[in-house]
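Read-outs throughout are calculated quantities, based only on the coordinates presented, and are distinct from any laboratory measurement. Just so you know, these numbers come straight off a predicted model, no measurement behind them. No Cβ is skipped: glycine too gets one built from the backbone with ideal geometry, and neighbour counts run over all protein chains shown.
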C-alpha cells in the first residue's frame, strides 16, 4: 500500500508540473498574440512564447528545489533550537530510527498559539517538520509523538513532494491573477486617456483575461489542492499508529487541535492543505458539499479510525 502511494505521488507530481507548463505557456502565448495583432508585429507572439516557456520551466525547477524554503519562509517559521526544544528533537530522532529515514528531518518552530503542524520538502533526504508553539504547549508527550509520527508518514509516503509543489504553484496562480488585474487597470486607463478606439478594444481584451484569471485562480487553487487527495491524511494517520504503536496518542492530539479556537495566523489558501488539520478552523461542516470541497477529511472520522485500530 505504501509503495503504491509513493509511486502515485511521484506520477501525479510529474503530471502537475507538465500541466502547469502547458497551461501557462499557452495562456501567455495568447496574450502575446493579442499584442502582436494590436501592434501589428508578429514577432511579439514569438517573444511571449519564448518568455512563457522560460518562466514556466524556471518556475517549475525552482519550485522543485526550493519550494520547502519558500513555504517555510511564507509561514514565518524559525529553526528549532536543540537545547530549548530538546523534547522535540528527542522524539523526532527516535521516530527517524523507527521509520528508517536516511536523515533526520530539519525542525522548525512557528510562533503561533494555534496548535498545528506540517511537513515539507522534496524527498525524505531533504525534508522538514514545522510545529507551532501552541502545539508544543498543549500536547502531552504521547500526543506530540503521534503528531510527529503523522508528519513522518507524509515524508515516508512522498506526500511532501506533491503538497509542497502545489503550495508554490497555487501561489503562482494567485500572484499572476493579481498581476493581470492591476495591469488591466493600468493599461486600460492609459489607453482611455489616448482616446483611441483601438485602446478600448485592447482594454476589453485585457479585461476579459483579467476576469478569466480572477475566476479561475481560486477554482484552480481548490481543485489542485483536492488533487492531493484526503486519503493521504488517513494513510499518514495509519503510519503514525504503526510507528508509535499507540493510535490513541494521535487521536487525543487531533481532538485538542480541532477544538482550538484560533486559526493559524500565517496560513494561506496556498498552504492550508499541508497542515495536519484545517488551519482556518472551519470545522463545522453541515453538508456533504462542504465536506467534498474541504482540504481535510472530517476530524471525527479520523479519530474514529484511529480508535478502531
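For the range 66-173, the relative contact order comes to 29 percent (Cα pairs under 8 Å, sequence separation of at least 6). The spacing between the range 85-133 and the range 66-81, judged by their C-alpha centroids, is 12 Å. For residue 245 and residue 57, a Förster radius of 51 Å and the Cβ-Cβ distance give a FRET efficiency of 0.65, rounded to the nearest 0.05.
Fully extended, how many nm does the chain gain between residue 30 and residue 11 (0.36 nm per residue separation, minus their Cα-Cα distance)? Could you put the intermediate results ahead of the total?
Values: separation 19, 0.36 × 19 = 6.84 nm, distance 2.89 nm.
Going from the current span to full extension adds 4.0 nm.
Is any residue of the range 103-136 close enough, with backbone N under 19 Å, to a label point placed 7 angstrom from the Cα of residue 97 along the Cα-Cβ axis, and if so, which? Within reach of a label on residue 97, which here means backbone N under 19 Å from a point 7 Å along Cα→Cβ, the range 103-136 contributes 103-107.
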